[in-house]
Amino acid sequence: MKYLVMVQGSQADYDAQSGKGSAGSPAWDEKAVQEMFAHMGSINDDLAESGELVSAYGLLEPASGRAVSVDTEGRPVVSDGPYGETKELLAGFWILDCENLERVTEIAARVARCPQPAGAPAYPVLIRPVGGGIDD
């Protein structure tokens, strides 16, 4: 079964990781950033070795994205990031091929234990089963 495992973050969190802290998102130093990358890299290496890793990506900061909707006449309405009306957004994801939900939950718990500076917000790691796709 394939699962989408998602981590969340806000624009303030991305700013904090680049050294610009704010209330609720303390600035990360270089050591903290390297510890986070080492933790995630170790998870990726283990998942690749076990054959469970299908794909994984970290997403760039919300300020680099945009939201597109349509108005009542079907014309596009474009809003640039960081989407003031939202707080947490998708920050990265894995697509995993695991035997069962219990196994992917173990992996998500490992992701949730990622080191971070004291006072940084803790977001849940989200799991969603993936339905049949064009590759299935």
| message | So if each residue of separation counts as 0.36 nm, and I subtract the Cα-Cα distance between Y123 and E73, what length gain in nm does that give? | response | 14.2 nm
| said: Can you compute the helix-only [θ] at 222 nm over the chain? Use -39500 (n - 2.57) per DSSP H run of at least 4 residues, normalise by all residues, nearest 500 deg cm²/dmol. | reply: -9500 deg cm²/dmol
| request: Determine which lysines satisfy two conditions relative to K31: a Cα distance under 23 Å, and not lying fewer than 8 residues away in the same chain. | output: K20
| request: Could you calculate, for the range 38-136, the ratio of the Cα radius of gyration to the Kirkwood radius, expressed as Rg to Rh? | output: 1.05
| remark: With the 1.4 Å probe rolled over protein heavy atoms, the range 48-136 has an accessible area per residue in Å² of 70
| query | Quick one: Kirkwood hydrodynamic radius for the range 1-41, alpha-carbon pairs, angstrom, one decimal? | reply | 11.4
| note | Using alpha-carbon positions, the gyration tensor of the range 12-93 gives root eigenvalues a ≥ b ≥ c; with a/c under 1.5 called rounded, otherwise prolate if a/b exceeds b/c, else oblate, the class is oblate
| request: Mind jotting down the distance between the C-alpha centroids of the range 29-52 and the range 1-22, whole Å? | output: 15
| the range 1-133 - percent of accessible surface contributed by carbon and sulfur, probe 1.4 Å | 55
| task | Using only the Cα atoms of the range 74-132, build the gyration tensor, take square roots of its eigenvalues as a ≥ b ≥ c, and label the shape rounded, prolate or oblate: rounded if a/c is under 1.5, else prolate if a/b is larger than b/c, else oblate. | result | oblate
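The values are calculated or read from the model by the stated rules, or taken from the named source; none is laboratory data. All of these numbers come straight from a predicted model, not from anything done at the bench. Note: areas computed on protein heavy atoms with side chains; ligands, DNA, RNA excluded. Shrake-Rupley method; radii C 1.70, N 1.55, O 1.52, S 1.80 Å.
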